[in-house]
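Data block below; observations after.
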Amino acid sequence: MIFLEETLFKTSAIKVSAAYTPFWYTSGTIGPYFINTHFLYGGENAANDLLKFIDENLNEPIPFVNKLTERVLDFYKSNSLYKQIVDDFYGMIKDNPNFIESQFISGGERRDWFFSIIIANLSQKEHLFIFKNLDICNLKEKITNINNARISHIADLITQASSYERAWIPAIKNINGNFVFSASVVDRAQGGKEFLSTQKIDSFSAVIVDENFFEDAKNSGVINEIQLELIKQFTKNPDEYGKNFLIKYPEFLKKSINSNDKSIKSKAERCIKENPYKIDFNKIF
């Protein structure tokens, strides 16, 4: 496996579950692996510290983005793992014509900022911070019009590109920006690239998490054959995988509902309430 792919596992940015204890996702569904790309920021503890800093300072945008930029740049200089990851990522995108021609680099609240700030600094382009309420600012002020200037967006992860559709693309349109390129560290291969193509946005991802990626991980001894088979089932049909698992192993759902972990409990409760798998829970409970 290449350095970036290995590091995804070493930093727990990608976690593969034990054979019969899948992860709960926010949507109330389950799956055999979980991705936290921002853990590449020096590991889980450093990444969570930065997320905490972001959450505690969002209410004052201009002072906040200056402090955040300083903090990320200092960490880039001091953490060799993070520096190598970012340098490798930048090396993959810096010669893309759309990236070269962009006047601005954008990143969306919150996890995109782990990478977009540094890419803007390395490329010597102005960074635009996009907030979930669609406001955009630079280090000095709120931005309202950039007169059709080209923008490259840097993301930690792309799945179905729902954040792009809901927030990043509309926000950039609101300031008369020309969204021409998107680069993400990880692509979950769930249709995001295809959606961006329909919007005439060129895109690139450093790592594509698909069946070949996990085959590589198995061959490298990172995961075992049983884990790989479950991942294949999930990749082929996530809904069928989830439904079959919960019906076959009802104790997993029961245990989750009664878990002392509030996050697990709430996701399991959402599964029952919203029933994304169309299961007759009366046969389970």
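Tabulated values for the structure
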| read-out | value |
| --- | --- |
| Which of Tyr90, Ile117, Pro170, positive extreme of dipole for the stretch 39-212 (C-beta unit charges) | Pro170 |
| Angle in degrees between helix 44-57 and the longest Cα principal axis of the chain, rounded to the nearest 10 | 60 degrees |
| Ordering of 145-151, 254-260, 171-177, 117-123 by packing [mean C-beta count within 10 Å, highest first] | 117-123, 171-177, 145-151, 254-260 |
| Acute angle (nearest 10 degrees) that the helix 61-78 long axis makes with the longest principal axis of the chain, alpha-carbon atoms | 80 degrees |
| Ranking of Thr198, Thr11 by count of other Cβ atoms within 10 Å, fewest first | Thr198, Thr11 |
| Of all DSSP beta bridges in the chain, antiparallel share, percent nearest 5 | 25 percent |
| Helix 225-236 vs. the chain, principal-axis angle (Cα, 0 to 90°, nearest 10) | 70 degrees |
| Protection-proxy order for peptides 33-39, 154-160, each taking the mean of Cβ atoms within 10 Å per residue, highest first | 154-160, 33-39 |
| Leu81 paired with Tyr249, simple spin-label distance in nm, labels 7 Å along Cα-to-beta-carbon | 2.8 nm |
| Where N is the number of residues in the chain, Cα Rg divided by 2.2 N^0.38 Å | 1.06 |
| Cross-link table Lys173/Lys200; Lys193/Lys232; Lys132/Lys193; Lys193/Lys218; Lys94/Lys200; Lys52/Lys83, entries beyond 23 Å C-alpha to C-alpha | Lys193/Lys218 |
| Net charge dipole size for the chain [Lys, Arg +1 and Asp, Glu -1 on Cβ; Debye, nearest 20] | 760 debye |
| Computed over the stretch 39-212: relative contact order in percent, which uses C-alpha pairs under 8 Å that are six or more apart | 18 percent |
| Estimated FRET transfer efficiency (Glu56, Asn258; beta-carbon r; R0 35 Å; 0.05) | 0.60 |
| Inter-site label distance for Asp95 and Asn275 at 7 Å from Cα along Cβ, in nm | 5.6 nm |
| Label zone at Glu229 (point 7 Å along Cα-to-Cβ), backbone N below 19 Å, the stretch 235-253 | 235-238, 240-250 |
| Potential extension, Asn282-Gln199 segment - 0.36 nm per residue separation minus Cα distance | 25.5 nm |
| Stretchable slack from Thr21 to Asn48, in nm (0.36 nm times residue separation minus alpha-carbon distance) | 7.3 nm |
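Bear in mind these aren't lab numbers, they're just calculated from the coordinates by the rules spelled out. All of these numbers come straight from a predicted model, not from anything done at the bench. Note that we place each Cβ from the backbone using ideal geometry, even for glycine, and neighbour counts take in every protein chain shown.
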